[in-house]
Structure formats: C-alpha cells, structure tokens
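Novice: What follows is a structure written as structure tokens; I'll ask about it next.
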Amino acid sequence: IVAFGHEATELPFEMMYVPAGEYTFGSDDEIRSIDYAFEMMKFEVTNEQYLQFLLPLLEEGAIYIEYPSGENNRIKGYYSGNEWFAPGNYEFLTISSSESGSKPIYVVGGNLFIKEGYGSHPVSAATLIGALVFAEHYGLRIPSYQEWVKAARGNTGNDYPWGDEIDA
C-alpha cells in the first residue's frame with residue numbers, strides 16, 4: 001500500500017519512506033528512475049489489520065457475508081469503481097464457514113474471527129477489489145509494479161537492498 005504526503009501516525013500500520021531516484025529493474029539490472037518519493041507499508045496487510053478494517057463496515061451494513069453452499073463464504077460490498085472496474089457489488093474476501101476451514105478468517109453466527117496464531121500472518125484470499133477498497137479506506141493506493149521493484153531492490157544494483165543472497 002502506497003501513500004503520498006501521509007503522516008504515518010495517522011495510519012494503523014507502519015510506513016517506510018522510499019526516496020525518488022534510480023533503481024535497478026529486471027534480470028539485466030536496467031537502470032530506471034522514479035521521479036517522486038513515496039511511502040509504502042513496511043509489512044504486508046495482516047489478517048488482524050484486514051479484519052479491523054472489515055468489522056466497522058460489517059456493523060454499519062456497508063458489506064455483507066454471502067453464504068453460498070459449500071465450505072467458503074464471501075465478504076461482499078459496494079465498490080465505487082475505477083478505470084478498470086464499473087461501480088457495483090464485488091467480493092472483497094473469501095472466508096471459511098468454520099474455524100476448521102481452510103481460510104484464516106472465518107464466520108460463526110454472523111461474527112468474523114481469525115484462527116488462533118494467524119492474526120499477524122499476511123491476509124490471504126482477499127481480492128483485488130478488496131485490496132483497492134482497503135487502500136482507499138486509508139487514503140492510500142496499491143503500488144505500481146515499478147514502485148514494488150524500487151522498494152524491494154533499492155538502488156544498489158543487487159537483487160535485494162542488502163545484497164544478492166537471502167540468509168534464512
């Protein structure tokens with residue numbers, strides 16, 4: 001999630017500053033440049049953060065749970081649209097119908113829960129529309145591919161800002 005001119009203290013997650021300038025792109029380390037600075041979330045959106053975003057919307061009726069037959073249920077709601085998507089109701093997230101289901105967020109009796117131990121895991125089963133609505137909720141947007149690369153690789157010429165290897 002990317003911010004422009006946002007105060008990190010206003011947001012319920014940590015943002016990192018990415019300066020304008022050159023970065024390496026692709027396997028041939030092509031030099032490219034982004035002429036603006038931006039901020040990006042330091043970590044992926046977690047199940048807990050996504051649930052905290054959903055709960056007030058569910059309470060006010062802005063989103064709803066769809067219960068099709070089978071194991072998976074859906075959180076759906078209205079999206080105002082953009083250049084790729086028309087305004088309308090869309091799926092935001094697929095959830096399980098019980099704690100024993102395959103998704104970390106589940107519903108019981110109309111209430112949403114997170115499986116124990118999965119609160120700090122990156123949210124899974126969110127749709128692109130769900131990500132767009134989450135970002136817009138906080139006055140942010142989804143980063144471009146080039147912004148992801150600059151944030152991930154830095155301007156060092158290495159595969160990662162710290163070098164070419166990952167030490168687990």
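The values are calculated or read from the model by the stated rules, or taken from the named source; none is laboratory data. This is a predicted model, so every value here is computed, not measured. Reconstructed Cβ throughout: ideal geometry from the backbone, glycine too, with neighbour counts over all protein chains shown. Only protein heavy atoms, including side chains, enter the accessible area calculation; ligands, DNA and RNA are left aside. Shrake-Rupley method; radii C 1.70, N 1.55, O 1.52, S 1.80 Å.
Novice: For the chain, which whole-number percentage of the solvent-accessible area (1.4 Å probe, protein heavy atoms only) is attributable to carbon and sulfur atoms? Provide the component values of the computation, followed by the final result.
Specialist: Numbers: 5020 of 9720 Å².
Carbon and sulfur: 52 percent of the exposed surface of the chain.
Novice: Which value in nm describes the separation of the simple spin-label points at Phe113 and Trp84, placed 7 Å from the Cα toward the beta carbon?
Specialist: Placing both labels 7 Å beyond Cα along the Cβ direction yields 3.5 nm.
Novice: Another question, then. How far, in degrees from 0 to 90, does helix 128-137 lean away from the longest principal axis of the Cα atoms of the chain, to the nearest 10?
Specialist: Helix 128-137 sits roughly 80 degrees off the main axis of the chain.
Novice: Between Glu30 and Glu99, what is the label-to-label distance in nm when each label sits 7 Å out along the Cα-to-Cβ direction?
Specialist: It is 5.1 nm.
Novice: Looking at region 74-143, which GluC sites (Glu not before Pro) are DSSP coil and have at most 10 other C-beta atoms within 10 Å of their C-beta? Write out the running numbers ahead of the final one.
Specialist: Values: sites: Glu83, Glu91, Glu99, Glu116, Glu136; in loops: Glu83, Glu99, Glu116.
The qualifying sites are Glu83, Glu116.
Novice: What is the dipole size for region 82-168, taken about its Cα centre, with +1 at each Lys and Arg Cβ and -1 at each Asp and Glu Cβ, in debye to the nearest 20?
Specialist: For this selection, approximately 240 debye.
Novice: Further question on the same structure: Determine the dipole magnitude for region 9-168: charges of +1 sit on the beta-carbon of Lys and Arg, -1 on that of Asp and Glu, nothing else is charged, the reference point is the Cα centre, and the result goes in debye to the nearest 20.
Specialist: In total the dipole reaches around 520 debye.
Novice: Among Thr24, Ser100, Ala135, pick out the residue whose Cα is farthest towards the positive end of the charge dipole of the chain, where Lys and Arg carry +1 and Asp and Glu carry -1 on C-beta, about the Cα centre.
Specialist: Of Thr24, Ser100, Ala135, it is Ser100.
Novice: Also: Equivalent ellipsoid semi-axes for region 69-159, as square roots of 5 times the alpha carbon gyration tensor eigenvalues: give them largest first, rounded to whole Å. Walk me through the intermediate numbers first.
Specialist: Details: eigenvalues 169, 81, 21 Å².
In descending order the semi-axes read 29, 20, 10 Å.
Novice: 222 nm [θ] for the chain, helices only, -39500 (n - 2.57) per DSSP H run of 4+, per residue, to 500? It would help to have the intermediate numbers written out before the result.
Specialist: Working: 3 runs with 33 residues, N = 168.
Rounded to the nearest 500, the figure is -6000 deg cm²/dmol.
Novice: Right, next: Angle, helix 47-60 long axis vs. longest principal axis of the chain, Cα atoms, 0 to 90°, nearest 10?
Specialist: 50
Novice: Hey, if you put +1 on the Cβ of every Lys and Arg and -1 on every Asp and Glu Cβ in the chain, which of Phe43, Gly70, Ala86 ends up farthest toward the positive end of that dipole?
Specialist: Comparing the listed Cα positions along the dipole, Gly70 ranks first.
Novice: A follow-up question, please. How big is the charge dipole of region 33-100 about its Cα centre, in debye rounded to the nearest 20, if each Lys and Arg gets +1 on its Cβ and each Asp and Glu gets -1 on its Cβ?
Specialist: Numbers: 3 positive and 11 negative charges, 24 e Å.
I would put it at about 120 debye.
Novice: Now, a different point. Grab the other residues whose beta carbon is less than 14 angstrom from that of Arg141, score K and R as +1, D and E as -1, and report the net.
Specialist: Working: positive: none; negative: Glu39, Glu83, Glu136, Glu147.
Residues close to Arg141 contribute a combined charge of -4.
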